[in-house]
1. Give me the number: length gained by fully extending A:Gln108 to A:His37, i.e. 0.36 nm times residue separation minus the C-alpha to C-alpha distance, one decimal in nm.
2. How much net charge surrounds B:Gly210 when only the other residues with a Cβ under 13 Å from the Cβ of B:Gly210 are counted, with Lys and Arg +1 and Asp and Glu -1?
3. When a/c reaches 1.5 or more, the comparison of a/b and b/c decides; with that in mind, is region B:421-516 rounded, prolate or oblate per its Cα gyration tensor?
4. GluC sites (Glu not before Pro) within region B:386-435: which are DSSP loop residues with at most 14 other Cβ atoms inside 10 Å?
5. If you take the C-alpha gyration tensor of region A:3-228, multiply each eigenvalue by 5 and take the square root, what semi-axes do you get, largest first, in whole Å?
6. Mind pulling the angle between the C-alpha long axis of helix B:333-342 and the longest principal axis of chain B? Nearest 10 degrees, somewhere in 0 to 90.
7. State, to one decimal in nm, how far the label point of C:Arg66 lies from the label point of B:Arg545, with both points 7 Å from Cα in the Cβ direction.
8. Using a ≥ b ≥ c from the Cα gyration tensor of region B:156-230 (square roots of the eigenvalues), is it rounded, prolate or oblate, where a/c under 1.5 gives rounded and otherwise the larger of a/b and b/c decides, a/b for prolate?
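What follows is calculated from the coordinates using simple rules that are stated; it is not laboratory data. Since the structure is predicted, the reported quantities are computational estimates derived from the model, not experimental observations. Glycine also receives a Cβ, built like all others from the backbone with ideal geometry; neighbour counts cover every protein chain displayed.
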Amino acid sequence: MKCGVVIFPGSNCDEDMVQVLEAQGGGPVERLWHKEHDLRGCDLVVLPGGFSYGDYLRSGAIARFSPILQEVAAHAERGGLVLGVCNGFQVLCEAGLLPGALLHNGGQRFICRNVHITPATKRTALTSAIARKVLTIPIAHGEGRYHIDAAGLKRLKDGDQVLFRYCDAEGNVHEEANPNGSMDHIAGVCNEGRNVFGMMPHPERAADALLGNTDGMALFTGLLKAVAV
Amino acid sequence: MATTTIDPDTAPAGVETARKLGLLPEEFERIQVILGRTPNFNELSIYSAMWSEHCSYKNSIRLLKTLPRTGPKLLAEAGQENAGLVDIGDGWACAFKIESHNHPSAIEPYQGAATGVGGINRDIFTMGARPIAQLNSLRFGDIATEARSRWHMRGVVKGIGDYGNAFGVPVLGGEVYFDPCYTTNPLVNAMSVGIVRTDRVISATSHGAGNPVFIVGSATGKDGIHGASFASKDITESSMEDLPAVQVGDPFMEKLLLEASLELAGTDAIIGMQDMGAAGITCSTSEMSAKGGTGMDIHLDRVPTRQDGMRAWEILLSESQERMLVVVKKGREAEVKAIFDKWDLNCVEIGTVTEAAPMPGASAGKGGMLRYFMHGRVVATMPAESLVLGGGAPVYERAVKEPAYFAENRRFNGAEVPEPDDLRAVAYDLLASPNIASKRWVYEQYDTMVRTNNMSTNAPSDAGLVLLRDTGRALAVTVDCNGRYVHADPRKGTMIAVCEAARNIACSGGDPCGVTNCLNFGNPYDPEVYWQFSEAIAGMGEACRALGTPVTGGNVSFYNQTVNADSTVPVFPTPTIGMVGVLNDAGKRMGLGFRSKGELIYLLGRSTDDIACSEYLVRHHGIRRSPAPYFDLEEETRLHTMLLMLIRSGVLSAAHDVSDGGLWVTLVEMGLVNGLGFDIVTDS
Amino acid sequence: MKTYKASIDVMPHDNLLDPQGKAVSGAMPNLGLPEITGVRIGKHITLRLEAKDRKTAEAKVDEACRKLLANLIMEKYSFSVEEQA
Amino acid sequence: MKTYKASIDVMPHDNLLDPQGKAVSGAMPNLGLPEITGVRIGKHITLRLEAKDRKTAEAKVDEACRKLLANLIMEKYSFSVEEQA
C-alpha cells in the first residue's frame, strides 16, 4: 500500500499533504516530480493544493500537460485511486479526469476561511469513514466556483457522484452558506468509476489537534483503508 | 584611462551630470578622489544608486548605530547579513526582516505591494532560510471619505494576497490603520520570518579569486532605472517610451527561485548568495565583494535580458524582480546548473571573483576592484568598498528642531473634554471605527493556513503563533506601531510601539528575542522631521535595552509626505516594529478568547484617567492635538515578566493586550471568539 | 517557413454567468456612463508562430486554443492570423 | 438613439514583463507546439451602449477605457465600435 504526492512547479501544499498522510499511517510517501513518467507503484496518487504554474491562464490549465499527468490518467483508467485537492481538483477537471470546471469565485476575491461541508454520498472511499453530518474544513482559493452544464449536473446527481456540498453549521445547504457561488453548492465530485476524487476544501489543513481541527482525518482514514485492502 | 570611444557612457562626465543623477557637488569631488580621475556616466550612475538614501542610509546610519545591536542570541550583527538572525534553540536560527514599498504602492497599489512581498521574502531565503510566516503593516487615508484611499487599499490587499498566496507562505499577522495624513502616501510594510539550521546559513559574501559568479532567476529589463535615465545624455522620446512605469512581480518565478535556492543551500557548492533588490547587479556585486574583501570582473553582455539593446548602466541599475547573484566554488558549476535546470530557471555565469588589489593612483579603498565589461571592454571600474554602507558611502549629520505642535499638545487637558450623554452609542460607534473594526475583509484574502503551522487559526492570540513541527516549539510573531502616539511624542510613542509588540508576544506565551524595524518618516532635510526621527530612535533604543530585545536590522523609508502647492506635510512618523518571540513548549501558548462562563477577569497594570491620543478622543471629539498617553517603561517590563510567569504556571485561560479602543474594545474582542459576554464591576 | 502573428479572443459562453462583467456593468453609472451595459470580460491573447503557410498556421492556432488557451466547458474562442512582414 | 456594440482589447504595455504570457509560452512545447512563442495575455471586453451617433459612441467607449477598463500605467487599449442592427 503506497501513497504518492505529485509536485508541480508552483505547488505549495505538497509537504502539508505528505505530512498528514504519513501521520495517518500512509507513509513513507513518494514525492512524484512533474517531469517524470513514473508513479513508482503508488496505489493512491494525490494532486495537492497550490498555484501550479502560478495559476496563470486558468488554475490547473498548464499543469495538465506535465508528463506525470499522462501516468495519472493511466493510473485512473486502471481504477487506481486519485485525490485532487483545490489546485489538484482544478487540474483533474482541466485534464478531463473529472467532469465540470472551476471558475473565478462569485465575489471576485480570494477566500481563506473555515467553511462547513456536508457529505452527499457514503459510497466512496473518501467519504466512507465520515460519521458526522457536518464537517468544518478550511478553503483557500480564488477560482473555486464549480460549474457544469445542466445535463452534466443531472448525470452527477443520478450517478451519486457529488461528494460534498457547502452548508451552514447545522448542515442546511443554501445560498448564504455557499462561499463562491458553486453550482448546486458543490464542493467536491468523483468520477463515474468512483476512484477519482476532487474537492476544493483542504482536509489536510484540518487533521492536527495542535492546530485545533481534526474534522479532515476521517477522509484520510477512509482513503487509506480502501488503499490497504 | 584614455578613452578613444565615442560611447557617451564611458566618456568623462561632469558635475552637471552628477547633479542630474542626484549627487551633491562635494560627493562628485569625493568620487574623483576615489578614482583618481573624472568618472564616466556609467560610474556616476553606479555611485548615484549606491549612495542614494535607500542603499546607503547616509542620513540615518549614524543614529541607527546607537540602537542595541548585539545580544547573546544574535548570530549576525545588524546590517551584516540581508536579514536579522537569532538563535531559537535546537540548532535552529530565525531570519526575519521588515521592509517598505510605500512609493511604488502609491502609484500602482497592486504591483507595488506584490513586489514588496517578493523583495522581503528574497532577503530571507537568500540566507538559506525557508520563509514560514509573513506579516504586513498597512496605512491608508480615510476610506470612509476618500475614493483614492479605497483604491489604494483594494489594490494593496489584493497584491499582497495574490503574490503571497501563490508563493505559499502563510500570513500570520498584521495591522491596518487609517488617517488622513496617509491619503496620498500610503505605507506598505511587509515582514517575513524564516528558519534555517544554524550550520546551513548562507552569507552574502564573496571570496576566492577565480570562483565563478552567476546570475539566476528572471531576465533583466529596464525596470526601476528612472533616475538614471533622465540624466543620460542620449535621452530621447523613444528611450523614455520603453521604460516600464512599474515593476511586475512574478510569484511563480519566486516560488521556483525559493525551492532552487534552498536546494542550493543544502549543498556546500557556493561561497555566497545575495538577492537583487535596489540597484540590482551593482548593489549585489559591490556589497558581496566589499564583505569578502575581494573584487569581481562582471561581463554585462552575458546577463540574460528581457529587452534588447540595453546599455551597460541600464543592466547595472535594473531592479527587475526575482533575481539573485551567486558566487560558486570553482569546479562546482555543473552541480549548481543542474539545480536551476530542474526548476527551469536561468543560471548564467557572468563573471569571476578577483584578488584584492588596491587601485593605483587613488585613495585606494581596501578590498577588491569591481570591473564591469561590455563585449570585452571595461565600461566602469571602482573599488567595491568605496560604494557600500560602512565603506566609502557618505554619512551625514542632520539638524533637528522641535516642532511647535509638541509644546501645544501639552496644553490639552482631558478634564475639559465633555463627557458624552449617550455612552452606549459612543461605545458601539468605536467598534465601527475602521481603526478598530474587524479586519476580516483584509485577512480573508490572504492564505493564513498554508504550511499547516498556524496555531492561531482556530484559537486567536495577540501574536501570530507558528508551530515548528519537528521541535515541539513555536515562534510568536507580531508587527505593531501607533503612528498617532509617535506623532504626539516620538520618543514615548516609539517606546510604546516596542512594548506593545512585546506585550502581544508575552500575551501569547512567547519570550521576545529580537526586533526589526521599518522607519517611515518624512524628508530628513526638514529639521522638524529629523527631530521626530532622532527622538524615535532614542525611544526605540531605550525600550529595546529595557526588554533585552536587540534590533537585528530593518529599513528606512524617508520622503513619506504629501506635497501641496505651498507646503509639504509629512505622514505621521511611523517606526513599525516587527518582533519575534520563542515558546520553548508550543503547548504553553495562550489565546485571547474567554473560554467558559464563570472565569474571573483581571486587569493587570496601572489604569490612569487618560484619554490623550485615544481613538475616542479623535473620532468622537475630533481633537487631534494631545500628548501621548501615560506610559512607564519600568512598570511595563515588570508587567511582561509577571504575565509570562502567570501563563507558564497554567493559571490563566486567556490574555489580551489593552490597546486601541481601551478596555471596552479589549473585552468585546475577548468575548467574540467563543460568543461569551462579561460582567464588569466598577468602583463608581 | 514564415512568421505569423495571431490574435485570439477567449470569451465566456453567452449563457454563462459572468460576475466580473456584471460588476463592471454595475460600476458604469458611477462613472457617469449609464448608457453602457452588458459588459462581458474574457481574454485577448496574441502570439507569434512559424508555419509554412497560412492554413497550417491557422490549424496550429486552433490546436493551441482547443488544447490550452480555452476551456471549452466554459469558454468559446475566435482568432485571426496575419503574416508578419 | 442607436445601439452600438464595442469590442475592446486591453493589453500590458510592450515593455512590461507579462508573467502569464511567459508561463503559457513555456508550456507550448509540452503541447507539441514549440513553434508558438511570445504569448502575451490581456483582456477582451465586449459591451453595448446607446448613443446618438458613432462619434459619440466611440468617445463614450474611450472614456470608459480611460476611467475603468484599462489601468493606463500598466496597460494600453484599442477598440472597435459597430452599430447593432
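1. Details: separation 71, 0.36 × 71 = 25.56 nm, distance 3.67 nm.
Full extension of this stretch gives 21.9 nm more.
2. It works out to a net charge of -1.
3. oblate
4. In loop regions of region B:386-435 (DSSP not H, G, I, E or B), the sparsely surrounded GluC sites (Glu not before Pro) are B:Glu397.
5. Gyration-tensor ellipsoid for region A:3-228: 23, 20, 17 Å.
6. For B:333-342 against chain B, the angle is about 50 degrees.
7. With each label point 7 Å from Cα toward Cβ, the separation is 7.7 nm.
8. On the way: a/c = 2.36, a/b = 1.40, b/c = 1.68.
It comes out oblate by the Cα gyration axes.
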